[in-house]
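The values are calculated or read from the model by the stated rules, or taken from the named source; none is laboratory data. Given the structure is predicted, the values throughout are model-derived calculations rather than measurements. Cβ coordinates were reconstructed from backbone atoms using ideal geometry, including for glycine residues, and neighbour counts include every protein chain displayed.
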Amino acid sequence: MTIPRRRILGALAAAPLAATTSFPAWSQGYPAKPIRIVVPLPPGSPPDVLARLVAERLQDAWKQPVVVDNRPGATGMIGMDAVAKSAPDGYTVGIMFLTHTVLPALFGKVPYDTGADLAPIANLVWLYNVLVVPPSVPATSARELVELARTQPGKLTYGSGGNGSPAHLIGESFRQLTRTEMLHVPFKGPNEAVQALLGGHVSAMFATTSVAVPLVNAGKLRAMAVTSPARLPALPSVPTMAESGVPGFDLKEWEGIVAPAGTPREIIAKWNEELTRIMRLSQVRDKLTELGMEAAPANSPDQFTSLVRGELQRWTRFVKATGLKTD
C-alpha cells in the first residue's frame, strides 16, 4: 500500500505542533499563580517558622505570592490531610515532620496514606531538643532527674504537644532508656505544653531549641541536657544526653516539604532544585542556627522518600515494642 505524498508532508508539518502541545500546560511557565504551603501546626511553631523563611525566598525567585496556610489540629493530621487531598498540580505543598511517620502506628488509622498519598520533595532541616524542667523541680542534671523519677515512680510527669508529637516520642524514648516511670501529659499543642511547664503543672519536657533557649536564658526553665550529638552553640554549658549518662539516645526531629501524590515529576524536581538553592544561602543557614535548626544536606526526592519510609518502619517497630498508647 502506497501512502500519498501529501499525507506524509502533512504529518511532518504537524509533528512539531503535536510535540509542543503534548506537554502539560504547567510546563509553559510554572508557577503561574499563587502557591500555598500548608503548615499542620499553629503560627510560631518550628514548622511555621521554617515555612515562612522558605516562602519569602520562593516568592522572590518565582515572582508569585506564596501563602503560608496554618491548619493545626489532631497532632498534624488535619493539615497533612489537606495536602494529600489537594490537586497534584504543584500549587499546594505542606510541611511534613517526624510526627507524621508515627501517627499511623499510634492511632491505627489516619485519613490519608502517609506512604502513598504524599510525594516527598526534600528534607530541609534537622532539629534538636532540650530537656527542661521548671525551677520547682529539685534536679539540676539529667542524672538527678532520673534518680528523682526512680525514687518517686509515677509521680513525675513530662508534657508534650499531643500524642505522637516529637516531645512525646522523645520523652517516651528517654523513659524507656532510663527505665523510669514518668507519666505523659499531652496538650493540644506545644505552646500549651510549654505554658503548663512554666506554671509547674508538669515536671519536664523535651522542648525544641528555639523555644527552650530564651526561656532558659531568662531563668524561667532549667536545662538538663540536649539531644544533639554535640553541645549546642546556643547552650554551650548544657551537656548532651550521652554526657549526662544516657548513651544510645539517637533521636532528632526533621522537617521537609511534600506535595500531593501524582504531582508531575518535573514540578517535584523544580521544587527540589529551588529548595536546595534556598537552603544553601548563608543568611538562611544563619537564621536556622539562631532557631536551633540545622540545614539538612542536599537531598533528592528519592532520598527524602527513603527517609520517610524508613521512619514509618522505625516508629511502627517502636510502637509495637514499647506498647506506646495515646493518653
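Quick notes on this structure:
- Qualifying position, being buried (at least 17 other Cβ atoms within 10 Å of the Cβ) and under 30 Å from Pro301 (Cα atoms), among Thr240, Thr178, Thr209: Thr209
- Residue match in segment 160-174 (condition: within 29 Å of Met77 (Cβ to Cβ), touching a residue at least 60 places away in the same chain (Cβ under 8 Å) and in a strand (DSSP E or B)): no
- Scanning segment 112-133 for residues that are in a loop (DSSP other than H, G, I, E, B) and under 23 Å from Glu253 (Cβ atoms) yields Tyr112, Asp113, Thr114, Gly115, Asp117, Tyr128.
- Pairs, first surrounded by fewer than 18 Cβ atoms within 10 Å (Cβ to Cβ) in segment 131-157, second acidic (Asp, Glu), C-beta under 9 Å, six or more apart: Pro138/Glu144; Arg150/Glu181; Gln152/Glu181; Pro153/Glu181; Gly154/Glu181; Lys155/Glu181
- Evaluating Arg222 against the criteria (1) of a type outside the set (A, V, I, L, M); (2) surrounded by fewer than 20 Cβ atoms within 10 Å (Cβ to Cβ); (3) in the same structural domain as Lys155 (by TED's automatic domain parsing); (4) modelled with pLDDT of 90 or more leaves one unmet condition, (2).
- Enumeration of residues in segment 181-206 that are buried (at least 22 other Cβ atoms within 10 Å of the Cβ) and small (Gly, Ala, Ser): Ala193, Ser203, Ala204
- When restricted to residues that are surrounded by fewer than 15 Cβ atoms within 10 Å (Cβ to Cβ) and not charged (D, E, K, R), segment 299-316 contains 3.
- Selection status of Ala296, hydrophobic (A, V, I, L, M, F, W, C) and in contact with a helix residue (DSSP H, G or I) (Cβ under 8 Å, 6 or more places away or on another chain): yes
- Pairs where the first residue, in segment 66-92, is touching a residue at least 24 places away in the same chain (Cβ under 8 Å) and closer than 25 Å to Ala32 by Cβ and the second is surrounded by fewer than 18 Cβ atoms within 10 Å (Cβ to Cβ) and among the β-branched types (Val, Ile, Thr), C-beta under 7 Å, 6+ apart: Arg71/Ile78
- Of the numbered criteria (1) outside any loop (DSSP other than H, G, I, E, B); (2) exposed (fewer than 15 other Cβ atoms within 10 Å of the Cβ), the one Gly245 fails is (1).
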